[in-house]
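Engineer: Questions regarding the structure given below will be posed in turn.
The values are calculated or read from the model by the stated rules, or taken from the named source; none is laboratory data. Everything quoted here is computed from the prediction, not taken from an experiment. So basically every Cβ, Gly included, is an ideal-geometry build from the backbone, and we count neighbours across all protein chains shown. Just the protein is used for accessible areas: all its heavy atoms, side chains included, with ligands, DNA and RNA removed. Shrake-Rupley method; radii C 1.70, N 1.55, O 1.52, S 1.80 Å.
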Amino acid sequence: MIIEKAEVIVTSPDRNFVTLKITTDDGLTGLGDATLNGRELSVASYLADHVVPLLIGRDAHRIEDAWQFLYRSAYWRRGPVTMAAIAAVDVALWDIKAKAAGMPLYQLLGGASRDKILAYGHASGRDVPELLDSIRHHQELGYKAIRVQTAVPGLKAVYGVASQPQTSGKRYDYEPAQRAPLPTEEDWDTRAYLRHLPGVFEAVRNEIGAEVPLLHDGHHRMTPIQAAKLGKELEPYDLFWLEDCTPAENQDALRLVRHHTTTPLAIGEIFNTVFDYQTLIKDQLIDYVRSAVTHTGGITQMKKILDYAAQYQIKSGIHGPTDISPVGMAAALHLDLAIHNFGIQEYMQHGQYTNEVFQQSFTFEDGYLHPGNKPGLGIDLDMDAAGKYPYQTAYLPYNRLIDGTVHDW
Ligand code: EZ4
Ligand code: CO
């Protein structure tokens, strides 16, 4: 089965997406997601200029070999651009292999280890009443686990808080990237955040009870000792996880946090190789692996990372915001269904234009996802619809402290 054609499709229905479409000589097609929020065109170029020419004429069945060839033959290894490009090739080849087998992809990964995939949704509010409305709305939508993000008094905009209230009637869509020629600036004050957050969780638990799994994303903003303090203070509210409590580069930071708190820790949405997890996993410093299939070299490497994590009872929590396309989501769902150490899957529903471009067979029902049973990933890309929505410059925001210092966003 020879790769005859590989196309890079950049489209911006509700937001920008980069997709690789591989076609074989017997007419099978496979899709891979290569979307890197705010840096989309760099991956599109990496693929179109440097990867597509290497794919033509290769045996589409040799997935591991393609992965190793793209990783090692570039000489320059790792990094989000390279690994998103490799992920797109990897997932497209898995899509093709599963279609050739006439099976949904999860069957090739060992078959289903469970019947359905627990998802978590994203509640937020500018104050506690708005947050409680948002939590109730998510429960009405079926969500069984909910991420809780809140505004902080004195700060103008905070990560994870939707700009429109849940009750506004508009689709709840927390999309941090803004369509504009330049990134927007937000303000940040870690001490104000640390003073405010425990009281918000207390109010939420008092209102909704002890049962619902609640999650929180610290979004890389604390020092290790600040994160340790927050983890301790949140212990009475029994979080499912505290995510990205410190910036991700320093794996040893998590050791310090771990020594101080039993709040479960999740990290990894900006990681791209198994090496980013080496210390975290073997020293049992985390509880959940947060990588996206899209940004971590595809199914081939994610399966290896999660099998490594399984030896330490560390579970999956695959990244699934709207900047992961339906193709990337489907890849995550097939993996979620197959692996034994599944934890939870992030799910943020895509907008109507995205659903027009990407026809999906995965389902969300009563709080649980399923990848569906069509051969392959179960996603079709409507090329005409994609062509209607050209790329639009969009960036994630960045933070400055009150004195003007740039801070992690
Ligand atoms: O900020 O996907 O847990 N989810 C997140 C996301 C990320 C965006 C960045 O592209 O942290 O909202
Ligand atoms: Co996150």
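Engineer: Can you pull the percent of the chain's accessible area that's carbon plus sulfur, 1.4 Å probe, other chains left in place?
Structural biologist: The computed percentage sits at 50.
Engineer: Just to confirm the filter: which chymotrypsin sites (Phe, Trp or Tyr not before Pro) across region 142-247 are DSSP coil and have at most 16 other Cβ within 10 angstrom of their Cβ?
Structural biologist: Passing both the DSSP loop test and the Cβ count: no residue.
Engineer: For a quick check of your reading of the filter: which chymotrypsin sites (Phe, Trp or Tyr not before Pro) in region 1-106 sit in a DSSP loop and have no more than 12 other Cβ atoms within 10 Å?
Structural biologist: Filter output for region 1-106: TYR75, TRP76.
Engineer: Moving to a separate point now. For the chain, modelled as a GNM with alpha-carbon contacts under 10 angstrom, which of HIS370, HIS220, HIS259 fluctuates the most?
Structural biologist: Looking only at HIS370, HIS220, HIS259, the biggest GNM fluctuation is shown by HIS259.
Engineer: Oh, and also: Calculate how steeply helix 298-310 sits against the longest principal axis of the alpha-carbon atoms of the chain, using the helix alpha-carbon long axis, and give the answer as 0 to 90 degrees to the nearest 10.
Structural biologist: Approximately 50 degrees, to the nearest ten.
Engineer: Pick from ILE286, ILE56, ILE146: which is most flexible by mean-square fluctuation in a GNM of the chain where alpha carbon atoms under 10 Å apart are linked?
Structural biologist: Of the options given, ILE56 has the highest mean-square fluctuation.
Engineer: Residues with beta-carbon under 14 Å from that of VAL257, excluding VAL257: net charge, scoring Lys, Arg +1 and Asp, Glu -1?
Structural biologist: Net charge around VAL257: -2.
Engineer: Within 10 Å, at most 12 other Cβ atoms, and a DSSP state outside H, G, I, E, B define an exposed site. Report the longest part of the chain free of exposed GluC sites (Glu not before Pro). Don't skip to the answer; put the middle values down first.
Structural biologist: Numbers: sites that count: GLU211, GLU249.
The segment 1-210 is the longest one with no such site.
Engineer: Follow-up question, since we're still on this one. Give the cross-link partners of LYS116 among the aspartates and glutamates, using a straight C-alpha distance below 13 Å as the criterion and excluding same-chain residues fewer than 8 apart.
Structural biologist: Result set, ordered by chain and number: ASP336, GLU365, ASP366.
Engineer: If you add up the charges near THR23, with Lys and Arg at +1 and Asp and Glu at -1, over every other residue whose beta carbon is less than 11 angstrom from its beta carbon, what do you get?
Structural biologist: Surrounding charge for THR23 is -2.
Engineer: DSSP beta bridges in the chain, what fraction antiparallel, as a percent rounded to 5?
Structural biologist: About 50 percent, rounded to the nearest 5.
Engineer: Can you give the accessible area per residue of the chain, in Å², using a 1.4 Å probe?
Structural biologist: 40 Å²
Engineer: Taking 8 Å as the Cα distance limit and 6 or more residues as the minimum spacing, I'd like the relative contact order of region 270-322 as a percentage.
Structural biologist: Values: 59 pairs, mean separation 23.5, N = 53.
Reported as a whole number, the value is 44 percent.
Engineer: Anything over 19 Å Cα to Cα? Flag those among LYS282/LYS303; LYS5/LYS374; LYS304/LYS374; LYS144/LYS374, in the order listed. Numbers along the way, then the final one.
Structural biologist: Working: LYS282/LYS303 16 Å; LYS5/LYS374 23 Å; LYS304/LYS374 25 Å; LYS144/LYS374 26 Å.
Correct reply: LYS5/LYS374; LYS304/LYS374; LYS144/LYS374.
Engineer: Which residue, ALA85, ALA145, ALA310, tops the fluctuation ranking in a GNM of the chain built on C-alpha contacts under 10 Å?
Structural biologist: Of the options given, ALA310 has the highest mean-square fluctuation.
Engineer: What is the calculated FRET efficiency for ARG77 to LYS116, with r their C-beta to C-beta distance and R₀ = 25 Å, to the nearest 0.05?
Structural biologist: It comes out at approximately 0.10.
Engineer: Let me ask something else about it. Place +1 on the Cβ of every Lys and Arg and -1 on the Cβ of every Asp and Glu in the chain, take the dipole about the Cα centre, and give the residue among HIS216, ALA48, THR246 whose Cα lies farthest towards its positive end.
Structural biologist: THR246
Engineer: For the modelled label position 7 Å from the Cα of GLU235 along Cα-to-Cβ, which residues of region 258-276 have backbone nitrogen atoms closer than 15 Å?
Structural biologist: 258-265
Engineer: Where the only charges are on Cβ atoms (+1 Lys, Arg; -1 Asp, Glu), what is the dipole of the chain about its Cα centre, to the nearest 20 debye?
Structural biologist: Roughly 540 debye for the chain.
Engineer: Once both axes come from the Cα atoms, what is the angle between helix 63-73 and the longest principal axis of the chain, in degrees from 0 to 90, rounded to 10?
Structural biologist: Between helix and principal axis, roughly 80 degrees.
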